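Inspection log for the structure reproduced underneath, given as structure tokens.
The values are calculated or read from the model by the stated rules, or taken from the named source; none is laboratory data. Every value quoted in this text rests on a predicted model; they were computed, and no experiment measured them. Heads up, the Cβs are rebuilt from the backbone with ideal geometry, glycines too, and the neighbour counts pull from every protein chain shown. Just the protein is used for accessible areas: all its heavy atoms, side chains included, with ligands, DNA and RNA removed. Shrake-Rupley method; radii C 1.70, N 1.55, O 1.52, S 1.80 Å.
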Amino acid sequence: MTFSIHGLPVARGIAIGRAVLMASSRVDVAHYFIDPTQIESEITRVRVGRNAVVDEIHRLQLTIAGMGPKEAPHELAALLDVHLMLLQDEELITGVKHWISERLYNAEWALTTQLEVLARQFDDMEDEYLRERKADLEQVAERILRYMKGVGSPVAPPASRRSSGARQQDLLLADDSIDVPLVLIAHDLSPADMLQFKQSVFAGFCTDVGGKTSHTAIVARSMDIPAVVGARSASHLVRQDDWVIIDGDAGVMIVDPSPIILAEYGFKQRQAELERGRLSRLRHTPAVTLDGQKVELLANIEMPDDAPGALLAGAVGVGLFRSEFLFMGRKGDLPGEEEQYQAYRKAVEGMQGLPVTIRTIDVGADKQLDDTVRDAAHLNPALGLRAIRWSLADPAMFLTQLRAILRAAAHGQVSLLIPMLAHASEIRQTLSLVDFARAELDNRGLLYGPVKLGAMIEIPAAALTLKIFLKYFDFLSVGTNDLIQYTLAIDRADESVAHLYDPCHPAVLRLVADTIAECNAQGKGVSVCGEMAGDITLTRLLLGMGLRSFSMHPAQILAVKQEVLRADASRLVPWARQVLESEDPAAMLGA
Ligand code: PEP
Ligand code: MG
């Protein structure tokens with residue numbers, strides 16, 4: 001039966017495929033397709049892993065048989081029996097074989113997929129004792145996975161198998177079960193999880209939680225695959241392998257679509273492909289308004305490897321390199337100066353002489369370094385030790401990053417951008433650490449280059465004290481994602497208040513407009529690098545406010561360029577003033 005689930009649209013486009021349900025804890029398991037010739041060896045890998053765990057349990061049983069009830073309570077023996085029973089369960093084995101031979105999933109992926117299927121069955125059990133056996137099943141699977149990891153994978157992951165929209169539709173109609181697109185459904189994915197999916201096999205995804213500008217959504221947008229977040233109970237309502245449609249424009253997932261709905265979405269998908277093709281012709285067209293105003297369209301990137309994609313999309317530089325992604329998912333083993341230097345240098349060289357703005361680490365709030373380290377200790381992590389506050393609390397770590405960035409600046413045009421500043425004292429402390437980092441490099445005789453210094457305006461206090469910021473910095477960059485969050489007191493990652501997260505709130509627009517105007521008046525550079533910069537419904541308004549530098553995901557650049565090419569910037573000025581005075585600016589934008 002067809003039904004739809006509503007969430008928040010975060011990354012545009014339509015994806016049609018089969019659902020792959022995944023617990024967030026399983027995301028670090030490798031997901032790739034094997035070659036049909038590898039089916040037997042992959043099945044053998046799981047079998048060998050399972051047998052090794054069975055042997056381990058037999059050995060444990062023998063050990064505890066010789067112990068007294070104090071050292072080895074009766075429950076322990078019973079638990080081992082349950083684990084053995086689960087390991088020998090036919091449904092586990094046949095399911096894993098099915099995913100490997102019918103779908104060509106690699107061994108680990110097949111095992112975790114079957115685990116999800118069985119976990120659902122446990123969830124549905126009436127008997128509480130049986131329901132609780134789900135945890136045992138997870139432990140058993142975990143042990144097999146650990147064993148397989150120790151042994152290593154003999155199969156190299158082949159290139160990903162993402163299909164184009166038109167091809168997806170052909171495949172769908174043919175219902176060729178091993179070659180259909182896959183859509184990932186999860187309760188939650190952290191920004192670090194999302195990084196794992198950058199080169200993944202998934203054609204779209206949907207999560208239960210998350211807001212429109214949560215970092216998970218931001219990474220999804222950078223991957224340019226259709227996505228919906230904040231779909232609440234999606235991961236409970238969808239079953240493994242269901243057919244689903246992700247409508248990333250409307251923020252809807254349609255489950256088990258009827259043939260008529262499928263045909264309609266297939267049509268929409270083809271239209272979107274045509275539109276993309278049309279836009280791609282603008283790649284080499286300079287972004288100039290009808291009245292001759294030059295506009296700079298820059299890219300937001302998360303990793304040095306994103307640089308070629310930014311160039312391909314026609315970016316004239318990087319306006320925001322979110323350096324914190326280099327630090328995530330490393331289980332406490334943070335990158336040292338040399339590793340960071342090489343990464344920044346790679347991004348700088350990857351941009352082939354174009355300017356690159358590197359933002360110093362911004363962790364905290366919804367961006368934790370590790371999934372295991374959830375910030376439970378602090379009630380309001382978004383108001384806590386985040387971004388520059390985190391850096392200033394650990395000067396050795398911060399100096400390491402500053403030295404690495406300064407050294408990378410010897411290889412191209414680099415700007416250094418500081419997130420979340422609010423106080424003059426923080427500014428002074430930061431700048432003296434930059435000087436100190438330079439002095440350290442001098443002492444060590446290491447080469448470094450000049451950098452322009454910029455501050456992010458993302459706390460209302462900063463937007464209201466621009467003169468202080470402009471006294472110290474060469475340029476400002478407006479981080480509208482946080483500016484909206486902190487102006488309206490709306491957690492950007494919380495779907496339950498997402499309807500109140502409003503880029504067009506008059507207070508937000510006022511702060512953005514004043515920042516642009518003050519920088520322009522003082523001849524200082526100003527850019528917007530939050531999600532507002534890539535929203536085509538806001539391009540004309542930002543141009544009317546005087547903005548000439550926009551930084552966004554590469555996938556949004558061409559659509560924004562089209563808006564720029566159609567705009568008459570001088571005529572937009574009086575209109576933008578009216579919008580700013582309005583009680584309901586969104587109504588004037590048609591947004
Ligand atoms: C912002 O806050 O707008 C911004 C660009 O930074 P981030 O989204 O990484 O917090
Ligand atoms: Mg921010």
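Yes or no, residue by residue, for (1) surrounded by fewer than 21 Cβ atoms within 10 Å (Cβ to Cβ); (2) at pLDDT 95 or above; (3) not in a helix (DSSP H, G or I):
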position	(1), (2), (3)
Leu446	yes, yes, yes
Gly449	yes, yes, yes
Leu453	yes, yes, yes
Ala461	yes, yes, no
Ile468	yes, yes, no
Leu476	no, yes, yes
Asp482	no, yes, no
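Tally time: how many residues in region 375-412 are more than 16 Å from ligand 2 (Cβ to nearest atom), within 23 Å of Asp482 (Cα to Cα) and either assigned to a strand (DSSP E or B) or among the charged types (D, E, K, R) (or both)?
Residues flagged as more than 16 Å from ligand 2 (Cβ to nearest atom), within 23 Å of Asp482 (Cα to Cα) and either assigned to a strand (DSSP E or B) or among the charged types (D, E, K, R) (or both) within region 375-412 amount to 2.
Every residue in region 285-300 that is closer than 12 Å to Ala533 by Cα and charged (D, E, K, R), please.
Within region 285-300, Glu296 is the sole residue that qualifies.
Tell me, which helices (runs of 4 or more DSSP H) wholly within region 491-574 include 3 or more residues that are open to solvent by 40 Å² or more (accessible area, probe 1.4 Å)? Full working, then the answer.
Working: elements: 506-522, 539-544, 554-566.
Here the list reads 506-522, 554-566.
Looking at Ala174, Ala192, can you tell me which residue is open to solvent by 40 Å² or more (accessible area, probe 1.4 Å), at pLDDT below 75 and not aromatic (Phe, Trp, Tyr)? Steps first, please.
Working: Ala192 fails: open to solvent by 40 Å² or more (accessible area, probe 1.4 Å).
Checking each option against the conditions leaves just Ala174.
Looking at region 201-267, what strands (runs of 3 or more DSSP E) fall wholly within it and have at least 2 residues that are touching a His at 6+ places or on another chain (Cβ under 7 Å) and in contact (Cβ under 8 Å) with a residue 60 or more places away in the chain?
Values: elements: 202-207, 227-229, 243-247, 252-255.
Those strands (runs of 3 or more DSSP E) do not exist here; none qualify.
Would you check which residues across region 413-435 are part of a helix (DSSP H, G or I) and either in contact with a helix residue (DSSP H, G or I) (Cβ under 7 Å, 6 or more places away or on another chain) or of a type in the set (Phe, Trp, Tyr) (or both) and list them? It would help to see each step written out before you state the result.
Quick first cut of region 413-435, residues part of a helix (DSSP H, G or I) only: 424-435.
Ala424, Glu426, Ile427, Gln429, Thr430, Leu431, Leu433, Val434, listed by residue number.
From the list Ala299, Ala347, which residue is of a type in the set (A, V, I, L, M, F, W, C) and closer than 18 Å to Ile557 by Cα? Reasoning before the result, please.
On the way: Ala347 fails: closer than 18 Å to Ile557 by Cα.
Going through Ala299, Ala347 in turn, just one is of a type in the set (A, V, I, L, M, F, W, C) and closer than 18 Å to Ile557 by Cα: Ala299.
Every residue in region 513-531 that is within 14 Å of ligand 2 (Cβ to nearest atom) and among the hydrophobic types (A, V, I, L, M, F, W, C), please.
Val528, Cys529
So that you can scan it fast, the table gives a plain yes or no per residue for (1) within 16 Å of ligand 2 (Cβ to nearest atom); (2) under 22 Å from the mean Cα position of the chain (by Cα); (3) assigned by TED's automatic domain parsing to the domain that holds Leu431:
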| residue | (1), (2), (3) |
| --- | --- |
| Leu466 | no, no, yes |
| Phe469 | yes, no, yes |
| Tyr472 | no, no, yes |
| Gly479 | yes, yes, yes |
| Tyr486 | yes, yes, yes |
| Ile490 | yes, yes, yes |
| Ser496 | no, yes, yes |
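Which of the residues belonging to region 484-499 are at pLDDT 95 or above and polar (S, T, N, Q)?
Gln485, Thr487
Could you list, in sequence order, all residues of region 97-137 that are under 14 Å from Phe33 (Cα atoms) and open to solvent by less than 10 Å² (accessible area, probe 1.4 Å)?
Ile100, Tyr105, Asn106, Ala107, Trp109, Ala110, Leu111, Thr113
For residues in region 377-426 being closer than 15 Å to Glu458 by Cβ and open to solvent by 30 Å² or more (accessible area, probe 1.4 Å), which is farthest from ligand 1 (Cβ to nearest atom)?
His423
Only residues that are over 21 Å from the mean Cα position of the chain (by Cα), within 16 Å of ligand 1 (Cβ to nearest atom) and of a type in the set (Ser, Thr, Tyr): list them for region 498-553, please.
Within region 498-553, Thr515, Ser527, Ser549 qualify.
Within 16 Å of ligand 1 (Cβ to nearest atom), modelled with pLDDT of 95 or more, farther than 28 Å from Asp247 by Cα and outside the structural domain of Asp188 (by TED's automatic domain parsing): does that describe Gly353? Spell out how you get there, then give the answer.
Values: within 16 Å of ligand 1 (Cβ to nearest atom): no; modelled with pLDDT of 95 or more: yes; farther than 28 Å from Asp247 by Cα: yes; outside the structural domain of Asp188 (by TED's automatic domain parsing): yes.
The answer is no for Gly353.
Name, by its number, the condition in (1) hydroxyl-bearing (Ser, Thr, Tyr); (2) over 22 Å from Ile457 (Cβ atoms); (3) within 16 Å of ligand 1 (Cβ to nearest atom) that does not hold for Tyr341.
So the condition that Tyr341 fails would be (3).
With a cut-off of at least 1 residues that are modelled with pLDDT of 85 or more and touching a Pro at 6+ places or on another chain (Cβ under 7 Å), name the helices (runs of 4 or more DSSP H) lying wholly within region 22-117.
Working: elements: 39-65, 74-87, 90-103.
Here the list reads 39-65.
Of the residues Phe267, Phe202, only one is open to solvent by less than 10 Å² (accessible area, probe 1.4 Å) and of a type in the set (Phe, Trp, Tyr); which?
On the way: Phe267 fails: open to solvent by less than 10 Å² (accessible area, probe 1.4 Å).
Every option except Phe202 fails the conditions.
Restricting the search to region 276-303, which residues are surrounded by 12 or more Cβ atoms within 10 Å (Cβ to Cβ) and assigned to a helix (DSSP H, G or I)?
Of everything in region 276-303, those that are surrounded by 12 or more Cβ atoms within 10 Å (Cβ to Cβ) and assigned to a helix (DSSP H, G or I) turn out to be Arg276, Leu279, Ser280.
Name the residue that is nearest to ligand 1 (Cβ to nearest atom), counting only residues in region 307-323 that are surrounded by fewer than 23 Cβ atoms within 10 Å (Cβ to Cβ) and assigned to a helix (DSSP H, G or I). Steps first, please.
Taking region 307-323 as the starting set, the residues that turn out to be surrounded by fewer than 23 Cβ atoms within 10 Å (Cβ to Cβ) are 308-309, 311-314, 316-317.
Adding the requirement that they be assigned to a helix (DSSP H, G or I) leaves 308-309, 311-312.
On the way: Pro308: 22, Gly309: 18, Leu311: 21, Leu312: 22 Å.
The extreme case among them is Gly309.
Filtering region 324-333 down to residues that are of a type outside the set (Lys, Arg) and either within 12 Å of ligand 1 (Cβ to nearest atom) or assigned to a loop (DSSP other than H, G, I, E, B) (or both), which residue is farthest from Met351 (Cα to Cα)? Quick ask: steps written out before the conclusion?
Here is the first cut: in region 324-333, the ones of a type outside the set (Lys, Arg) are 324-329, 332-333.
Adding the requirement that they be either within 12 Å of ligand 1 (Cβ to nearest atom) or assigned to a loop (DSSP other than H, G, I, E, B) (or both) leaves 324-325, 327-329, 332-333.
Working: Glu324: 19, Phe325: 18, Phe327: 21, Met328: 23, Gly329: 26, Gly332: 30, Asp333: 28 Å.
Among those that are of a type outside the set (Lys, Arg) and either within 12 Å of ligand 1 (Cβ to nearest atom) or assigned to a loop (DSSP other than H, G, I, E, B) (or both), it is Gly332.
Taking the condition under 25 Å from Leu542 (Cα atoms) and surrounded by 15 or more Cβ atoms within 10 Å (Cβ to Cβ), does His215 pass? Give the steps one after another, and end with the answer.
Working: under 25 Å from Leu542 (Cα atoms): yes; surrounded by 15 or more Cβ atoms within 10 Å (Cβ to Cβ): yes.
Here the answer is yes, as His215 does meet what is asked.
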